[in-house]
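Notes follow the structure.
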Amino acid sequence: MEIKAVKFRKDGFYSQPMVFGGEEGPDKYDKNIRYRGSLQNYLIDTGDEIILVDTGLPAGTPEEHPDENSIAFTGKDICSYMEAFAALGYKPEQVTKILLTHKHADHSGELRSFPNAKIYVNADELAAAELQGIDNLVPVQFTDGAYYNFPACQKICDGIYFIKAKGHTNGNSIVIVENDGLFYMIHGDVTYVDEALYANKLSVVFEDSAAARETLDRVRDFIRNHPTVYVSTHTPQGYENLEEKRVMDLDHPVETVLAQVDFAEQQATGKYVCSVCGYVYDPAEHDGVPFEEQPDDWKCPRCKQPKEKFNKA
C-alpha cells in the first residue's frame with residue numbers, strides 16, 4: 001500500500017492567532033508569527049484500488065494575494081488539483097473511492113471529476129452546498145463501532161478506516177490507514193499546522209467548539225498510544241511527515257520553521273477569496289457591491305467566517 005501527496009499550492013502561511021486562538025481567543029497570540037502553509041490532499045494506492053482522501057480546490061479558483069493583516073494564506077498555485085493528480089501517473093477513471101473529510105471547497109472541489117468513484121461522506125454533511133447535485137455520494141453512518149479510542153468508525157477496506165471526528169465541521173471525519181506497523185492519520189483540519197497539535201490548541205475555525213476540543217483530545221490520546229504519522233492538508237509538514245514516515249512524539253516537537261512571506265503588491269481584480277473554504281466573492285454576484293463596502297459583520301455565505309478570513313484575489 002502506498003500513500004501519496006497530491007500537491008497543488010505552496011508557500012502559504014497561517015498566523016498564530018488563527019491556529020492557536022480557538023479557545024483563549026486570537027488576541028492572546030502574536031499575529032506576526034506565521035507558520036508554513038500549503039495545500040495538498042492524498043491518494044492511497046492499495047494495489048487493488050485507487051482511493052482519494054479529498055479532492056482539492058475547483059479548477060479556476062483564483063490565487064489569494066495576502067497583506068500584512070491577513071491571518072491565513074493558502075499559498076501560490078503549483079498547478080491545479082487535477083494536474084497534480086495526473087502528475088502522479090493516474091487517470092480519473094481509475095479512482096474507485098473518495099473519502100471526504102469535510103465539505104469545504106479546498107477538500108471537495110473536484111469531486112465531480114471522478115466518474116467511477118463512490119464518494120464516502122459523513123451523512124451529517126449531505127446538506128452542504130458544495131455537495132449538491134452529486135449523484136455518487138455514499139452517506140456514512142459509522143456503523144462499525146469504535147476504532148480504539150474513537151467511538152464511531154466505518155471500515156472502508158482492509159487497513160483503511162473512516163472515523164467520525166465532529167468539530168471543524170459538524171460532519172468532519174478522519175481517515176486512518178494501517179500500513180507496515182504505522183498508523184497514518186489523514187485529517188482535514190483538526191489542526192492547520194503541527195505546532196497546534198503539539199501545543200494542544202484549537203484553531204478559530206469550527207462549527208462546534210466543544211466537539212472540536214473532544215476530537216483534538218482523542219487525536220492526541222491516540223498519538224500517545226500508537227505510532228502515528230500525522231498527515232495534514234494545510235502545511236508542508238503533512239507531506240514531510242508522510243515522506244519521512246515520521247512518528248509524532250508530542251513531548252518532543254519537531255523544530256518550527258516559520259513561513260517566509262513576501263507581501264509584494266499585486267494587481268487587484270476586485271474579487272476576494274475565503275482562506276477557510278475557498279468561496280470567491282465576486283462583486284458581480286453581489287449586486288455590484290465591492291467587498292470593502294460589505295458591513296463589518298458580514299460573513300462568508302458558505303462557511304460563515306468573518307471578513308477578516310478573506311484575501312484579495
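The values are calculated or read from the model by the stated rules, or taken from the named source; none is laboratory data. The structure presented is a predicted model; accordingly, all values stated were derived computationally and were not measured. Every residue, glycine as well, gets a Cβ built from its backbone with ideal geometry; the counts of neighbours run over all protein chains shown.
Identify all residues within segment 166-192 that are farther than 16 Å from residue 238 by Cβ and touching a helix residue (DSSP H, G or I) at 6+ places or on another chain (Cβ under 8 Å); write none if there are none.
Just the residues of segment 166-192 that are farther than 16 Å from residue 238 by Cβ, to begin with: 166-167, 169-173, 178-181.
Scanning segment 166-192 gives 166, 167, 169, 170, 171, 172.
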- Task: Report whether or not residue 117 is surrounded by fewer than 16 Cβ atoms within 10 Å (Cβ to Cβ) and either modelled with pLDDT of 95 or more or touching a Pro at 6+ places or on another chain (Cβ under 6 Å) (or both).
- Result: no
- Note on the structure: Scanning segment 116-138 residue by residue, those touching a residue at least 24 places away in the same chain (Cβ under 8 Å) and in contact with a Leu (Cβ under 6 Å, 6 or more places away or on another chain) turn out to be 120, 121
- Item | Condition broken by residue 205, with the remaining ones in (1) of a type outside the set (Gly, Ala, Ser); (2) in a loop (DSSP other than H, G, I, E, B); (3) surrounded by fewer than 22 Cβ atoms within 10 Å (Cβ to Cβ) satisfied | (3)
- Would you mind telling me which numbered condition in (1) in a loop (DSSP other than H, G, I, E, B); (2) within 21 Å of residue 76 (Cβ to Cβ); (3) among the acidic types (Asp, Glu) residue 23 fails? (2)
- Query: If you go through segment 286-293 one residue at a time, do you hit one that is in the same structural domain as residue 164 (by TED's automatic domain parsing) and part of a helix (DSSP H, G or I)?
  - Reply: no
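Among the candidates 57, 43, single out the residue that is outside any loop (DSSP other than H, G, I, E, B) and touching a Phe, Trp or Tyr at 6+ places or on another chain (Cβ under 9 Å).
Details: 57 fails: outside any loop (DSSP other than H, G, I, E, B).
Just a single option satisfies the conditions, and that option is 43.
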- Filter segment 61-88 down to residues that are of a type in the set (A, V, I, L, M, F, W, C) and under 21 Å from residue 309 (Cβ atoms) and give me whichever is surrounded by the fewest Cβ atoms within 10 Å (Cβ to Cβ). 71
- Task: Starting from residues that are surrounded by fewer than 21 Cβ atoms within 10 Å (Cβ to Cβ) and touching a residue at least 40 places away in the same chain (Cβ under 8 Å), keep the ones in segment 167-179 and report whichever is nearest to residue 52 (Cα to Cα).
- Result: 179
- Query: Restricting attention to segment 14-60, and to residues there that are under 17 Å from residue 114 (Cα atoms), hydrophobic (A, V, I, L, M, F, W, C) and under 15 Å from the mean Cα position of the chain (by Cα), which single residue is surrounded by the fewest Cβ atoms within 10 Å (Cβ to Cβ)?
  - Reply: 43
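Inside segment 220-245, can you point out the residues that are in a helix (DSSP H, G or I) and either in contact with a strand residue (DSSP E or B) (Cβ under 9 Å, 6 or more places away or on another chain) or closer than 17 Å to residue 14 by Cβ (or both)?
Residues of segment 220-245 that are in a helix (DSSP H, G or I), as a first pass: 220-225, 237-244.
222, 223, 237, 238, 239, 240, 241, 242, 243, 244, listed by residue number.
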- Message: Please pick out the residue among 137, 197, 131 that is under 20 Å from the mean Cα position of the chain (by Cα) and either buried (at least 19 other Cβ atoms within 10 Å of the Cβ) or at pLDDT below 95 (or both).
- Response: 197
- Task: Only residues that are touching a residue at least 12 places away in the same chain (Cβ under 8 Å), in a strand (DSSP E or B) and touching a strand residue (DSSP E or B) at 6+ places or on another chain (Cβ under 6 Å): list them for segment 139-163, please.
- Result: 140, 147, 150, 154, 156, 160, 161, 162, 163
